[in-house]
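The values are calculated or read from the model by the stated rules, or taken from the named source; none is laboratory data. All values derive from a computational prediction rather than experimental measurement. Cβ placement follows ideal geometry from the backbone for every residue including glycine, while neighbour counts extend to all protein chains displayed.
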Amino acid sequence: MKLSFFGATKEVTGSNYLLEQNDSKIVVDCGYFQGGRKSEARNIQNFDYDPSSINAVIITHAHLDHIGRLPKMIADGFNGKIYMTEVTEQLAKIVLEDALGLMREPTHQEKDVLQIFEQTQVVGYNQKISITQDFSVTFYDAGHILGSSFVKVEWEQKSIIFSGDLGNCPNPLLNETTKIPQANFVVCESTYGSRIHEKAIEKTNKLIKNITETISFNGTVLIPSFAIERTQELLYQMDTIFDQHKLPKVPYFLDSPMAINVTKVYKQFSKYWNTSALDSKLKDGDIFKFPTLKETMTTEESKSINNVQGAKVIIAGAGMMDGGRIVHHAKRYISDKKNMILFIGYQAQGTLGRSIYDGIKTVKINGERYPVRCRVKAIGGYSAHADSRQIIRWLDDGDKNKHIFITHGEEMESEGLKNRLIENAYVNLSIPEEKESVELQ
């Protein structure tokens, strides 16, 4: 069986893997490359395989770096089935519709996005299904975002697991990542392969401290937030600590139509929440809402935030500041030292968020230069990705000899995870190159 890597090698974005066995060809994930104009150029290039020759596509979850090029695949001739969970289907509709409106160089049309869901077959967790004459697949709960999965693909007497993105457990909303089943091979993410996240109490205290300090200066806190999972976790925590009188009673704005719509999906599929979140729902009614929070859906509502004088908190997308309303807010607030940009998620190389996070003194936004005088802070504990300790714990099924392909991480993180796995007595490890192919024996 042949495995080929066409994205997320020594980088985080662009997940795309091809499996070939006899006459069967299946693809696991088909994501956007993210991180500036060079990434955009890669997204419009032809695939390294003929989409019309692919029998099926497996989608692990609805983040853009895992589904973004799926409409282009449809436009280029793919007509097979697409397998994903029911929550992923609903989230993917929101994500892909939003992405369609942001493309500078369109690679597909709205009809291609709609066609995806004509070809989609919804699958549940822990159910083995045959998808071609050579391959079967089982989806397991990855605990990363609602509906996310890692998948086990089987052929003949062999199997390979694709981790997708693994969750940062314990998660306030989601169930724990399912224990890994036995497999001969694993393609494993390494976004935070060399790092250890803060403990839950540390991230809560940092959130309270950073907001409280900025508000004491009569400043504005900008929180660039990913619409899926990060925003919902943040709102849930804010609701909790607001009720405990630990958050300043100032205006809070959720200025992201996409995040507002995603939150509706989270409410719709509360059956996938963990017990603690369900208990909070019974007591609170709406765990994503507190008295001083306002959702700004329309452009006019978003602009009206500018008229709110004094201290406030603005939660907006995009999470890496590579587009969306957060960019417009940054122009207004980034050059005032009493304000703060508070990062709560991964910032890919080449994005505005990464430049600010790395300490750049001046940024270019929409053709104009702005000095970065506001304070810049980050809270790693809000990441939806597992850290190195969690990844190693997940991989531990007692078999130290399975071959692990380390992907979905910047080179330093992938190398860091490899070194830690070596320390834990794993012996068959590799970090693939883009477009590399291997025969799985």
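Restricting segment 269-325 to residues that are over 18 Å from residue 224 (Cβ atoms) and among the acidic types (Asp, Glu), which is surrounded by the fewest Cβ atoms within 10 Å (Cβ to Cβ)? My answer is 300.
Among the criteria (1) within 17 Å of residue 222 (Cα to Cα); (2) of a type in the set (Gly, Ala, Ser); (3) in contact with a helix residue (DSSP H, G or I) (Cβ under 9 Å, 6 or more places away or on another chain), the one residue 350 does not fulfil is (1). Can you tell me which residue is farthest from residue 195 (Cα to Cα) among those in segment 318-376 that are among the basic types (Lys, Arg) and without any contact (Cβ under 8 Å) to a residue 12 or more places away in the chain? The selected residue is 369. In this structure, residue 22 does not satisfy being within 21 Å of residue 439 (Cα to Cα), touching a Gly at 6+ places or on another chain (Cβ under 7 Å) and not charged (D, E, K, R). The lone criterion from (1) without any contact (Cβ under 8 Å) to a residue 60 or more places away in the chain; (2) touching a helix residue (DSSP H, G or I) at 6+ places or on another chain (Cβ under 8 Å); (3) farther than 23 Å from residue 257 by Cβ; (4) not acidic (Asp, Glu) left unmet by residue 71 is number (3).
A search for C-beta distances below 7 Å between a residue of segment 100-118 that is of a type outside the set (A, V, I, L, M) and any residue that is part of a loop (DSSP other than H, G, I, E, B), counting only pairs 6+ apart in sequence or on different chains, returns 105/44; 107/44. Set side by side, the residues 66, 61 differ, and just one is over 22 Å from residue 134 (Cβ atoms), in the same structural domain as residue 155 (by TED's automatic domain parsing) and in contact with an Asp or Glu (Cβ under 6 Å, 6 or more places away or on another chain), which is 66.
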